[in-house]
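Asks: Could you have a look at this structure, given as structure tokens, before my questions?
The values are calculated or read from the model by the stated rules, or taken from the named source; none is laboratory data. Computed from a prediction, not measured in an experiment: that's the story for all the values here. Cβ coordinates were reconstructed from backbone atoms using ideal geometry, including for glycine residues, and neighbour counts include every protein chain displayed.
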Amino acid sequence: MRRFNLVNLTIVTTVFAGAFALTHGIAAASPSDYRAGMAGLLPEAAAWVAEAEMTTGAALAKPEIACSAPMAELGRRGGWIVDDLNGTGKLAPRALAGAHANLTASVARMTVAVESACGDHLTAAQVVQSTKPVYRNANFKLNNFVNRVFGNGR
């Protein structure tokens, strides 16, 4: 549990530093660049979150799932998605920087939970469930931007 909290603290600190850089850094690229980057990444992140929710929930009934190879792979994929979100976040328009930072932070927090599920599958499932509202809100805002831009042909 102590390792889990230390890792969470590290992730949160990194995300806040990234959010500061996003909102106070160099001017963002064009909105169409951001849209293009997020068009494929948002569905990938959504599929991963759904799988994380399903897998950590299944681990409540069958704890051996928490220490399985698929759970470890799920954690690795979550890390890759967080890396992609961090990179794409540099293109975020200022109006979306907060939502992007929240999306990245929530996926990062879920990733840490999935990676530590073998030691504490109950906490992993609780973290994924408690983080989903932040993820859903940010995902909704970003999806509206991506779909609105696509719909208008801009």
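Asks: How about the stretch 39-49: which of its residues are at pLDDT below 95 and either touching a Pro at 6+ places or on another chain (Cβ under 7 Å) or hydrophobic (A, V, I, L, M, F, W, C) (or both)?
Replies: Within the stretch 39-49, 39 is the sole residue that qualifies.
Asks: For the stretch 56-68, check the following and say yes or no: at least one residue is within 22 Å of residue 138 (Cβ to Cβ), surrounded by fewer than 13 Cβ atoms within 10 Å (Cβ to Cβ) and either among the basic types (Lys, Arg) or out of contact with any Asp or Glu (no Cβ under 9 Å at 6 or more places or on another chain) (or both).
Replies: So far as the stretch 56-68 goes, no, none of its residues is within 22 Å of residue 138 (Cβ to Cβ), surrounded by fewer than 13 Cβ atoms within 10 Å (Cβ to Cβ) and either among the basic types (Lys, Arg) or out of contact with any Asp or Glu (no Cβ under 9 Å at 6 or more places or on another chain) (or both).
Asks: Can I ask one more? Which one of these is surrounded by fewer than 17 Cβ atoms within 10 Å (Cβ to Cβ), farther than 17 Å from residue 35 by Cα and either at pLDDT 95 or above or in contact with a strand residue (DSSP E or B) (Cβ under 6 Å, 6 or more places away or on another chain) (or both): 105, 52, 72?
Replies: Exactly one residue qualifies, and that residue is 72.
Asks: Would you mention how many residues in the stretch 78-103 are among the aliphatic types (A, V, I, L, M) and outside any helix (DSSP H, G or I)?
Replies: 2
Asks: Moving on. Starting from the stretch 109-134, keep only residues that are of a type in the set (Lys, Arg), then list their pairs with residues that are part of a helix (DSSP H, G or I) and modelled with pLDDT under 95 whose Cβ atoms are within a distance under 7 Å, requiring at least 6 positions of separation or different chains.
Replies: Cβ pairs passing all conditions: 109/8; 109/11.
Asks: Under 6 Å between Cβ atoms, at least 6 apart or on separate chains: pull out the pairs that start in the stretch 59-79 with a residue that is farther than 20 Å from residue 107 by Cα and in contact (Cβ under 8 Å) with a residue 24 or more places away in the chain and end on any residue that is assigned to a helix (DSSP H, G or I) and aliphatic (A, V, I, L, M).
Replies: Qualifying pairs under 6 Å: 60/125; 65/58; 65/59.
Asks: Return yes or no: is residue 22 surrounded by fewer than 12 Cβ atoms within 10 Å (Cβ to Cβ), of a type outside the set (D, E, K, R), under 20 Å from the mean Cα position of the chain (by Cα) and modelled with pLDDT under 90?
Replies: Spelling it out, it is not the case that residue 22 is surrounded by fewer than 12 Cβ atoms within 10 Å (Cβ to Cβ), of a type outside the set (D, E, K, R), under 20 Å from the mean Cα position of the chain (by Cα) and modelled with pLDDT under 90.
Asks: Which of the residues that make up the stretch 75-102 are more than 17 Å from residue 39 (Cα to Cα) and not small (Gly, Ala, Ser)?
Replies: Passing the criteria: 76, 77, 94, 102.
Asks: Sticking with this structure for a sec: Is it the case that residue 117 is small (Gly, Ala, Ser), outside any helix (DSSP H, G or I) and over 21 Å from residue 37 (Cα atoms)?
Replies: Yes; evaluated as a whole, the condition is true for this residue.
To keep it simple, each residue is scored yes or no on (1) closer than 15 Å to residue 145 by Cβ; (2) of a type in the set (S, T, N, Q).
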residue: 57; (1), (2): no, no
residue: 61; (1), (2): no, no
residue: 90; (1), (2): no, no
residue: 94; (1), (2): yes, no
residue: 97; (1), (2): yes, no
residue: 106; (1), (2): no, yes
residue: 113; (1), (2): no, no
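Asks: Could you tell me whether residue 105 is under 18 Å from residue 125 (Cβ atoms), touching a residue at least 60 places away in the same chain (Cβ under 8 Å) and not basic (Lys, Arg)?
Replies: Spelling it out, it is not the case that residue 105 is under 18 Å from residue 125 (Cβ atoms), touching a residue at least 60 places away in the same chain (Cβ under 8 Å) and not basic (Lys, Arg).
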